[in-house]
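The values are calculated or read from the model by the stated rules, or taken from the named source; none is laboratory data. These numbers were taken from a predicted model, which means no experiment stands behind them. Positions of Cβ are generated from backbone atoms using ideal geometry, with glycine treated the same way; all protein chains shown enter the neighbour counts. Accessible surface is based on the protein model in full, side chains and every heavy atom, while ligands, DNA and RNA are left aside. Shrake-Rupley method; radii C 1.70, N 1.55, O 1.52, S 1.80 Å.
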Amino acid sequence: MWRGNGINVLKIAPESAIKFAAYEKIKRLIRGDEKRQMTIGERFMAGAAAGGISQTIIYPMEVLKTRLALRKTGQYKGILDAAKKIYLMEGVRSFYRGYIPNMLGIIPYAGIDLAVYETLKKKYLSSHNTEQPSFLVLLACGSASSTLGQVCSYPLALVRTRLQAQGEQTLHAATIIFIFLFIFYQFSASPNYC
């Protein structure tokens, strides 16, 4: 049940730090010297770019997480052993398997998540006379924005996970389009989608 969680814990801090730092930097680049509120479209673009940057940097850890979670007992001794074996058997490209659907999913996810969070927070501040929203308001804004982002990008996350999980021998048979269509058919035929 906890397979692959060690690398998940290791990747979460740099992933979030890179995403939020990039988001703030990109917002400053978009705004320039102007002291104005950004539009939701500008926030979306900044969030999407920040998400893309952070995912590009940490993506090999994402692949390792998936492989460790799906491994057979005794296949890998740990994170470094898994990285070494995957590299030696499949090459460096295997650490970016599923990258394109991941980016297609992370761009709307991060864009929606960060733009909606900041928009909800600003709406709250403009309708209440307070400098800083309470913890519960921030929690509600974060929950709503993350949920909306996840709902919009979930199908591409499934495609990414299937591509990450594949070994070298099945790479040629499974293209992004084939996997996407397979997942779409599988879920659309099932009455238990949610």
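Things to note:
- The residue that is surrounded by the most Cβ atoms within 10 Å (Cβ to Cβ), among those in the range 1-37 that are without any contact (Cβ under 8 Å) to a residue 60 or more places away in the chain and within 22 Å of L125 (Cα to Cα), is K27.
- The test for being over 23 Å from P155 (Cβ atoms), surrounded by fewer than 12 Cβ atoms within 10 Å (Cβ to Cβ) and modelled with pLDDT under 85 does not hold for K77.
- Scan the range 99-143 for residues that are open to solvent by less than 50 Å² (accessible area, probe 1.4 Å) and under 29 Å from R162 (Cβ atoms) and the total you get is 15.
- In summary, A83 fulfils each of the numbered conditions (1) of a type in the set (G, A, S); (2) in contact (Cβ under 8 Å) with a residue 40 or more places away in the chain; (3) open to solvent by 20 Å² or more (accessible area, probe 1.4 Å) with the single exception of condition (2).
- Selection from the range 38-48 of residues that are under 10 Å from I26 (Cβ atoms) and surrounded by fewer than 20 Cβ atoms within 10 Å (Cβ to Cβ): E42, M45
- Search result, residues across the range 129-187 that are aromatic (F, W, Y) and at pLDDT below 90: Y154, F178, F180, F182, F184, Y185, F187
- When the range 148-162 is filtered for residues that are open to solvent by 60 Å² or more (accessible area, probe 1.4 Å) and closer than 26 Å to L68 by Cα, the ones remaining, listed by number, are Q150, V151, Y154, R162.
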